[in-house]
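Written out below as structure tokens is the structure these notes cover.
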Amino acid sequence: MEMRVPDRRRFLALTAAASATPLLSACGAGFGGDGQSGGGGSAADDVTGSFDWKKAKGRTVKALLNKHPYTDALIADLRSFTEKTGIKVEYDVFPEDNYFDKLTVDLSSGRASYDIFMLGAYMVWQYGPPGWLEDLGPWMSNSSATGAEWDQGDFFPNLLQADQWSLKAGAPLGQGGQYALPWGWETNVVAYNTEVFKKLGLKPAETFDELREISGAIKRRAPGAGFDGMYGVAVRGSRSWATIHPGFMTMYSRYGLKDFTVDGGKIKPAMNTPEAVAFTRDWAEMVRKGGPPSWTSYTWYQCSSDLGAKKAGMLFDADTAAYFQAVKGASPAAGKIAFHPGPKGPGGSLATNMWIWSLGMNAKSKNKHAAWLFLQWATGKEHLRKAAVEGNHIDPVRKSVSQDPAYKDKMKGLEGFIETFETVVDQTKIQFTPQEQFFDATTSWAASLQEIYGGKNAKSVLNGLASDLASKVG
Amino acid sequence: MSSPLTETDHGAASHGGSGPSARVVPRRRRALRPYLLIVPALLLTGGILYPFGLGLYYTLFDFAASKPRPDMVGLDNYRRIFGESSFWDSAWVTVLYAVGAAAVETVLGVAVALLLHRSTRVGRVLEKILILPLMIAPVIAAIMWKLMLQPSVGVVNYLLKPFGMGGVQWTDTPAGALLSSIAVDVWVYTPFVAILALAGLRSLPVSPFEAAAVDGAGWWFTFRKLTLPMLWPYVLVAVIFRFMDSLKVFDIIYALTEGGPGDSTVVLQIRAYLEAIRFQRYSYGISYMIVLWAVVYLVTMVLVRYLGKIQNRAAEVPK
């Protein structure tokens, strides 16, 4: 028996250490990495002579992609790229739940497993400062690397600016390096079930008060009008950054509210101002009275499918989330979904927050020229037009595609889609303050929203949030 | 027990004797053999301790994506952790979860084992069914339960509807989310406890039970005075494993609630994951993991010591 004690101890030590190993290993990568990029010029300077699509012929580009209809349209057209350039593309596709973890771990490891990848503008704030993203500005301005037909001026300017940042917390977008290129985007609007609106004699809400009223009215009255189990408005509610950025941040911004204020380069949380507290309380109340049951687990998947399954009378989220339910044959509600810009702010504001799927290049890539040619092709007019007309790559990032008769013809069957898009496109931008702690701030914000929804005092919850964030972002 | 053969002995053995001839093992190789035998263990230990030590070392820095060239901060990360109310909230949730899950699984597991031990053919069929949840990855089980607990389309509320309980929002309240997470854990791991307890029951000596039966002892008396004391070492092994695992839970809670609503189900592992992976504050996240490791280590040490005592006591029971 005497011998057992050290045996057990050793066993326990090893077991417990083994339990910690995976995370430790995952986190261990990257220590002492290259740090901030910048300085030392760009690989784009090495490309000289006249522009030629075939300059990197025979190379292979590795891409990390998120499972998305935009991705499907890209993959369907990859052969055109290989024919045009002689460059092969290998890719991995991950579902959205794991995609960003995979990308984050991969980039932080300092390896060049992937030359190019999909990312959002918010990720630029996280991946840019450590120097993981290639500044594409020098590539764009090098006429040897970039063909004239790429036409930078054709992008909606707010979209191009969304991926442009000086890497300084609180500094506005649209200045500094171009850390990704707009590829596909989403504007946040209201989509509604025309059938239930007609039956209940409702009109799309023009103000937030109306939206709250209509949401509650649908939840109360729709089941009696033949829409069993229907509630008013589908909005996201999971404990994730993704809950804050679509409908919530759009309406919040239309009220002229800010996440942070920047004074003399110092960032201060502003989600606890009296106006922000009142708005947040109203939003939580709207969800309680007119939102989905089990709202705290709601992601865009549930919101979108509830609209399609006639469980939700309205959706305040990405227009694409409604589009994928609205197209013919996609869902029971297909053909009965219309689009509306959503409620205006007190001054008539239609400020809208956006999600932008961008394409970025790994700063550690050993294949930058080929990767740039791929980015140029994927964000070029030819592919994007094809993807929008033949695939489901809607919400064009290029003005020429949005005005293309074939695209307009395709979208005209969706009531109010084009009109809504054109109404909000110029007022849609990133409404958040760019800063590295974005994901922490918005995840905590979503948790606070859940607590307020659960009945906690909005003022004290948001004061707690603001004081917690002040120490992290200040 | 070691071979008595030496080079001289070998000579004698090879010349006479009818038994199988033993291979000559040179003295130097024999001396080396124990060291060679521990090489795999050493490699394994190194493979475990290296990342562990590296992680421990990183906790002394302020290493984060935003600070890839970190400063040495000593024990500041730990000081910060212990000074934050969010850590204590998470620690409390972790303990509640671990105690709740391990306790329910133990009681249910032993009960199921007792039932299966009594029956025969039906018991054997049930044993096979019982093992099914263990074959499902906990994260899959959690996603499956998330769908089943969905208030409007989930099967659980559908089944409860006839009893007037069709509108329960299982994971929308802090208590509901914690209880739902524990319930999923119980669903997945109770069979594990039951199987261990059943193995224990089947290995118990028969004579004390026969003697008790002859003396006319009732079921409850026999269970309290004979079955449970003799079974306890087996049950305790299950408790140790389940408690250790529950303290480190991540998959079930993250898939079911993501730590919400609010911070109500943010256990230490989830906080560590968020800090290290999502928010990319590596040193801080690893510090959380080290704290959790220390807690698991200490708690398990206490339980193992207790298990030793119980085993000694059980060994004294006449067989």
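The values are calculated or read from the model by the stated rules, or taken from the named source; none is laboratory data. Note that the structure is a prediction, hence the values are computed from the model and not measured. Every residue, glycine as well, gets a Cβ built from its backbone with ideal geometry; the counts of neighbours run over all protein chains shown. Heavy atoms of the whole protein, side chains included, go into the accessibility calculation; ligands, DNA and RNA do not. Shrake-Rupley method; radii C 1.70, N 1.55, O 1.52, S 1.80 Å.
Look at the stretch B:89-95: the mean tally of other chain Cβ atoms within 10 Å of its residues' Cβ atoms is 0.
Judged by the ratio a/c of the largest to the smallest principal axis of the C-alpha gyration tensor, chain A counts as oblate, that ratio being 1.5 or greater while a/b is no larger than b/c. Once backbone amide H atoms are built at 1.01 Å from N, A:MET354 has A:LYS429, A:ILE430, A:GLN431 as its partners under 5 Å, excluding neighbours fewer than 5 places away on the same chain. Rounded to the nearest 10 square angstrom, B:ILE310 shows an accessible area of 10 square angstrom against a 1.4 Å probe. Note on A:ASP46: accessible area is roughly 120 Å² with a 1.4 Å probe, heavy atoms of protein only.
Give me the percent of accessible area attributable to carbon and sulfur for the range A:348-469, probe 1.4 angstrom.
Answer for the range A:348-469: carbon and sulfur cover 47 percent of the accessible area.
Partners of A:LYS366 within straight-line reach, counting aspartates and glutamates whose Cα lies under 12 Å from its Cα and excluding those fewer than 8 residues away in the same chain: A:ASP115, A:GLU134.
Computed over neighbours whose Cβ is under 12 Å from that of B:PHE87, the net charge equals -1, Lys and Arg +1, Asp and Glu -1.
In this structure, the residue pairs whose Cα-Cα separation is over 32 Å, taken from A:LYS258/A:LYS328; A:LYS381/A:LYS412; A:LYS203/A:LYS410; A:LYS310/A:LYS408; A:LYS266/A:LYS429, are A:LYS258/A:LYS328. Between chain B and chain A, roughly 4700 Å² of accessible surface gets buried, counting both sides and using a 1.4 Å probe. Here the label points at B:ARG80 and A:GLU96, each 7 Å from Cα along the C-beta direction, are separated by 3.1 nm in the simple model.
Ordering B:HIS117, A:HIS369 from largest to smallest accessible area (1.4 angstrom probe), what's the sequence?
B:HIS117, A:HIS369
Taking other residues whose beta carbon is less than 13 angstrom from the beta carbon of B:ALA141, and scoring Lys, Arg as +1 and Asp, Glu as -1, yields -1.
If you take the square roots of the eigenvalues of the alpha-carbon gyration tensor of the range B:150-282 and sort them as a ≥ b ≥ c, do you get rounded (a/c under 1.5), prolate (a/b over b/c) or oblate? Because a/c hits 1.5 or more and a/b fails to exceed b/c, the range B:150-282 counts as oblate. Just check the range A:311-364 against the gyration tensor rule for me: Cα atoms, a ≥ b ≥ c as the square roots of the eigenvalues, rounded for a/c under 1.5, and otherwise prolate or oblate depending on whether a/b exceeds b/c. It is oblate, given that a/c is not under 1.5 and a/b is not larger than b/c. List the residues, sorted by chain then number, that are 5 or more residues from A:ASP317 or on another chain and whose placed amide H is less than 5 Å from its amide H. Residues meeting the criterion, in which the H sits 1.01 Å from N, are A:VAL189, A:ALA191.
Using the 1.4 Å probe convention, the accessible area of chain A works out to 37 Å² per residue with neighbouring protein chains retained.
Taking amide H atoms as placed 1.01 Å from N in the peptide plane, the amide H of A:VAL61 lies under 5 Å from those of A:LYS88, A:VAL89, A:GLU90, each 5 or more residues away in sequence or on another chain.
As a fraction of the 1.4 Å probe accessible area of the range A:34-176, surface on carbon and sulfur atoms comes out at 47 percent. By the rule of a C-alpha distance below 26 Å, with chain neighbours fewer than 8 residues away ignored, the lysines paired with B:LYS128 are B:LYS146.
Each Lys and Arg adds +1 at its Cβ and each Asp and Glu adds -1 at its Cβ; summed about the Cα centre, chain B shows a dipole of about 980 debye. Of all aspartates and glutamates in the structure, those lying under 14 Å Cα to Cα from A:LYS55, and not within fewer than 8 positions of it along the same chain, are A:ASP46, A:GLU83.
Accessible area ranking (1.4 Å probe, heavy atoms, ligands and nucleic acids excluded), largest first, for B:VAL107, A:VAL61, A:VAL262: B:VAL107, A:VAL262, A:VAL61. Taking only protein heavy atoms and a 1.4 Å probe, the accessible area of chain B is 69% carbon and sulfur. Computed over chain B, relative contact order equals 23 percent, with contacts defined as Cα pairs under 8 Å that lie 6+ residues apart. Largest to smallest in accessible area, the residues A:HIS340, A:HIS383 fall in the order A:HIS340, A:HIS383 (1.4 Å probe, all protein chains included). The value of relative contact order for the range B:140-291, using C-alpha pairs under 8 Å at least six residues apart, is 23 percent. Other residues with beta-carbon under 12 Å from the beta-carbon of A:THR71 carry, at +1 per Lys or Arg and -1 per Asp or Glu, a net charge of -3.
Ligands, DNA and RNA excluded, the heavy atoms of A:SER402 present near 10 Å² of accessible surface to a 1.4 Å solvent probe.
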